[in-house]
Amino acid sequence: MQQGTLMRKVKSKSWKKQRYFKLQEDCMTIWYQSKRTGKTESAFSISDVETVREGHQSEVLQSVAEEFPPERCFTIVFYGRRGNLDLIAGSAEEAQCWVQGLRQLIEPHFSSPRSFPLTCALVSCTWIRDWFQKADKNKDGRMNFKEVQRLLKMMNVDMNEDHALRLFQDADKSESGTLEGEEFVLFYKALTQREEVLSLFQEFSEDGKKLTLLELVDFLREEQLEDEGAEELAMELIDKYEPSETARARHVLSADGFLMYLCSPEGSIFNPQHRELWQDMSQPLCHYFISSSHNTYLIEDQIRGQSSIEGYIRALKRGCRCLEVDCWDGPNGEPMVYHGHTFTSKIPFREVVSTLGKYAFKVRHPSPGAGGRGWSWVGEDRWELVMLAPRGQGPWKCWVAQGASLSPTPQELKHKILLKGKKIGRLEDTLDGPGDEAPDVSDDDNGAEAEEERRKAKVRGTQYGSALQKDKETVAQALSDCVIYCKNVPFRGFQEARSHSRPSEISSLSEAKARKLIRDEGNEFVRHNAWQLTRIYPSGMRTDSSNYSPQEMWNVGCQIVALNFQTAGMEMDLCDGLFSQNGCCGYVLKPPFMRDDETLFNPSDPSSWEGPGPITLTIQVISGQQLPKVANSKEGAIIDPLVRVEIYGVPADQAHQETKYIENNGFNPRWDETLQFQLHVPELALVRFVVEDYDKTSRNDFVGQFTLAFANIKPGYRHIHLLSRDGTSIPPSSLFVHIRITE
């Protein structure tokens, strides 16, 4: 269809506008325009699309489910925090055409290592074609020198005009004064020549044209510190990344293959073996850091923000394992999820449960989730029970699993859900049968939720007090029976906990209370967290959904450090950095000295602990490649990039250093600067690489970042593939560094 496909764009039950959607000829861009005015409303790149969901898989499409069948509905989900695009096609066939077409465009083009060079070429060609389309102002399929100059500005390059003209003329084989097809590819390759990589290649190559098998083995051993199995690894790398069949047959690696290896997962700063599940998962839950979110249903602020199932989907897809479901009475007795006593929007509890069923177990380990009063649900993954707040009992921050030991492990709890809440009686009573003790009404942070309950009663009016108490008495036992391992108890001090608490119990502390304990009783806090779970939550003053630093809480072994996942920034970068390892399962095993309840470790005084001694981390920041422009920058503006390396860990290890800035070059800046750090407790350290656009008159602008645990760093010459502020990749932007770790 010349105009495009006519579909309904849906924002709410009452807002459904018809728009023409069309995939442009570059197969990389989709635009849509108004049916009434014919004006283009917006456009987006295929590279911005994360996935496509079929049917009524959003609140908006669920609201029109009675009007439009699921076969005609689909949702385009974008990376980061950009809102979804909900669409209704004219027919089921039309919807399938778009769904399958989009999936073909966004899915990876390779399924085996052998096809990696081809994939790199496809990605490169797509990237080149994208730049060509942007710079070809008059759309004639050719590019004159004026358009090339415009292209360089768009690509963050401030190149000398004579040098640019020389590259242009070298690529213009037809001497037509324009570049087209293969000529533009030649120009692009000349522009992206990596001199620093070529120099490294020639350092180990006797003839400067290839690396023999033995030369590659020498490089892997001397520079990449790949001592074990270096010969086998060299053969694998040649077979996987050498694009020439002739070179592969001769067991040699060309300069192109060498660059492909350095840009691959094997050449990344992140140890590829640690991307998989590599840690012992048979330890008690309290021996793990657990990826945790606060008020998961919110995707904006804490007072008037939107509640959405997207909050759960996004958190679960990021590996979050501890979710919050605040469940309150709704119309006709149906539970609703929202932030109590605020103006946030509400979502039906039923939709939350359905969402958890679809997304909770797409990773390997148990997903702390929750359910609601009077509701039970059994799914394919053997969710044993999902129940949450009984009528009138206020919000429950919940995690139900039965059949494991008193100190369950992630391995035992696979495909199960834990509920965290109040408990009648002891855990032992539950395993034997219902308890008959009086309800324990204490809760988070010495009665914080009891105060919430009082506020709730005040809002409803005191006349409902007797009914409220009656409902508590009749429903609480059923809820109590669901709390198997995470009985919520007030925190009254470490000595009190040692004397009277059990490993099956958990206390919740505000960030301020936790900081005071860290400052006054750091070692006792570490010991406590070696045998019992602790949850930390943000201050109630953070109404803007800002975050505290999780590092100081991890330093004392707190397992459930709840963050506002909807808010980008350093804090979420640290969270993503820590949990990007171990198969992204949301569990990271704490170091041995934090799993010993008699440990001497105190993060404020590492010398009190007989550790292995400090190590030195040396980072040579060599170069950057195709760094993105700053969002909302002026047309033609080019960044002045610098790199800052930040260390997060125990107080003695906190540090940051940065390179000089490079003027007007975001395309291929060269720094060649060395930064050095001393780490006293490397087991707890996180390293964050940040690229910024230098500004001498105001605050530097963020360009990209990458964060990882020190334990996951691979030494040698490595690429760091940058992420956006939202934590999504921004290919092909990267840094090239050389890493050394010495004792």
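Do we find a residue being at pLDDT below 95 and not in a strand (DSSP E or B) anywhere in the range 217-225?
Start the filter on the range 217-225 by keeping residues that are at pLDDT below 95, which leaves none.
No, the range 217-225 has no match at all.
With respect to A65, is the statement that it is assigned to a loop (DSSP other than H, G, I, E, B), of a type in the set (A, V, I, L, M) and at pLDDT 90 or above true? Spell out the reasoning first.
On the way: assigned to a loop (DSSP other than H, G, I, E, B): yes; of a type in the set (A, V, I, L, M): yes; at pLDDT 90 or above: yes.
Considered against the rule, which asks whether it is assigned to a loop (DSSP other than H, G, I, E, B), of a type in the set (A, V, I, L, M) and at pLDDT 90 or above, A65 comes out as yes.
Answer yes if at least one residue in the range 237-249 is in contact with a strand residue (DSSP E or B) (Cβ under 7 Å, 6 or more places away or on another chain), of a type in the set (V, I, T), more than 30 Å from G586 (Cβ to Cβ) and not in a helix (DSSP H, G or I), and no otherwise.
no
Would the range 106-127 turn up any residue that is at pLDDT 65 or above and touching a helix residue (DSSP H, G or I) at 6+ places or on another chain (Cβ under 7 Å)?
Initially, the range 106-127 is screened for residues at pLDDT 65 or above, giving 106-107.
From what's left, touching a helix residue (DSSP H, G or I) at 6+ places or on another chain (Cβ under 7 Å): 106.
Taking every residue of the range 106-127 in turn, at least one turns out to be at pLDDT 65 or above and touching a helix residue (DSSP H, G or I) at 6+ places or on another chain (Cβ under 7 Å).
Tell me which of these K513 doesn't satisfy, since it passes every other one: (1) open to solvent by less than 10 Å² (accessible area, probe 1.4 Å); (2) farther than 16 Å from L684 by Cβ; (3) assigned to a helix (DSSP H, G or I).
Only one criterion is unmet by K513, namely (1).
Out of V378, V386, I need the residue that is buried (at least 23 other Cβ atoms within 10 Å of the Cβ), in a loop (DSSP other than H, G, I, E, B) and either at pLDDT 90 or above or β-branched (V, I, T) (or both). Which one? Can you show your working first?
Values: V378 fails: buried (at least 23 other Cβ atoms within 10 Å of the Cβ).
From the options V378, V386, the qualifying one is V386.
Among (1) open to solvent by less than 10 Å² (accessible area, probe 1.4 Å); (2) over 30 Å from S205 (Cβ atoms); (3) in contact with a Phe, Trp or Tyr (Cβ under 6 Å, 6 or more places away or on another chain), which single condition is G267 missing?
That leaves (2) as the condition not met.
Quick test for you: out of Q279, Q306, pick the one residue that is surrounded by fewer than 20 Cβ atoms within 10 Å (Cβ to Cβ) and in contact with a strand residue (DSSP E or B) (Cβ under 6 Å, 6 or more places away or on another chain). Outline the logic, then answer.
Details: Q306 fails: in contact with a strand residue (DSSP E or B) (Cβ under 6 Å, 6 or more places away or on another chain).
The match here is Q279.
Restricting to the range 627-673, give me the number of residues that are closer than 19 Å to H721 by Cα and not acidic (D, E).
Of the residues in that region, 20 qualify.
Only one residue in S608, S633, S604 is at pLDDT below 95 and open to solvent by 60 Å² or more (accessible area, probe 1.4 Å). Which one? Before you say what the answer is, go through the steps one by one.
Working: S608 fails: open to solvent by 60 Å² or more (accessible area, probe 1.4 Å); S633 fails: open to solvent by 60 Å² or more (accessible area, probe 1.4 Å).
Going through S608, S633, S604 in turn, just one is at pLDDT below 95 and open to solvent by 60 Å² or more (accessible area, probe 1.4 Å): S604.
Which of the residues that make up the range 322-339 are modelled with pLDDT under 90 and either assigned to a loop (DSSP other than H, G, I, E, B) or polar (S, T, N, Q) (or both)?
Answer for the range 322-339, where residues must be modelled with pLDDT under 90 and either assigned to a loop (DSSP other than H, G, I, E, B) or polar (S, T, N, Q) (or both): D326, D329, G330, N332, E334, P335.
Inside the range 611-621, can you point out the residues that are buried (at least 20 other Cβ atoms within 10 Å of the Cβ) and within 27 Å of F667 (Cα to Cα)? Please lay out each step first, then the result.
Keep residues of the range 611-621 that are buried (at least 20 other Cβ atoms within 10 Å of the Cβ), which gives 617, 619, 621.
Correct list: I619, V621.
Return the residue satisfying two criteria in turn: it lies in the range 128-183 and is out of contact with any Asp or Glu (no Cβ under 8 Å at 6 or more places or on another chain), on the phi > 0 side of the Ramachandran plot and modelled with pLDDT under 80, and of such residues it is surrounded by the most Cβ atoms within 10 Å (Cβ to Cβ).
The selected residue is N156.
For the condition under 19 Å from K189 (Cβ atoms) and either outside the structural domain of S199 (by the TED database) or open to solvent by 10 Å² or more (accessible area, probe 1.4 Å) (or both), what is the one hit in M260, M235?
Working: M235 fails: under 19 Å from K189 (Cβ atoms).
From the options M260, M235, the qualifying one is M260.
Name every residue in the range 530-578 that is open to solvent by less than 20 Å² (accessible area, probe 1.4 Å), of a type in the set (G, A, S) and touching an Asp or Glu at 6+ places or on another chain (Cβ under 8 Å), in order of residue number.
A530, S545, A562
For the range 500-542, how many residues meet the condition of being of a type in the set (V, I, T) and at pLDDT below 95?
Kept after step one, since they are of a type in the set (V, I, T), are these residues of the range 500-542: 506, 518, 526, 534, 536.
Narrowing further to those that are at pLDDT below 95: 506.
Residues in the range 500-542 being of a type in the set (V, I, T) and at pLDDT below 95: 1 in total.
Within the range 628-678, track down each residue that is within 26 Å of the chain's Cα centre (by Cα) and within 19 Å of A711 (Cβ to Cβ).
V645, E646, I647, Y648, G649, V650, D653, Q654, A655
One line per residue, one yes/no per condition, for (1) under 21 Å from the mean Cα position of the chain (by Cα); (2) over 30 Å from P732 (Cα atoms); (3) part of a loop (DSSP other than H, G, I, E, B):
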| residue | (1), (2), (3) |
| --- | --- |
| H274 | yes, no, no |
| N295 | yes, yes, yes |
| I303 | no, yes, yes |
| I313 | yes, no, no |
| L316 | yes, no, no |
| C320 | yes, no, yes |
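For I638, indicate whether it is open to solvent by less than 30 Å² (accessible area, probe 1.4 Å), at pLDDT 95 or above and either part of a helix (DSSP H, G or I) or assigned by the TED database to the domain that holds A711 (or both). Break it down stepwise before answering.
On the way: open to solvent by less than 30 Å² (accessible area, probe 1.4 Å): yes; at pLDDT 95 or above: no; either part of a helix (DSSP H, G or I) or assigned by the TED database to the domain that holds A711 (or both): yes.
When the stated conditions are applied, I638 does not pass them.
Out of everything in the range 641-661 that is open to solvent by 30 Å² or more (accessible area, probe 1.4 Å) and assigned to a loop (DSSP other than H, G, I, E, B), what residue ends up being farthest from P682 (Cα to Cα)?
Y661
The values are calculated or read from the model by the stated rules, or taken from the named source; none is laboratory data. Worth saying up front: this structure is predicted, and the values here are computed from it rather than measured. Cβ sites come from the backbone with ideal geometry, for glycine too, and all protein chains shown count toward neighbours. The accessibility values were calculated without ligands, DNA or RNA, using every heavy atom of the protein model including side chains. Shrake-Rupley method; radii C 1.70, N 1.55, O 1.52, S 1.80 Å.
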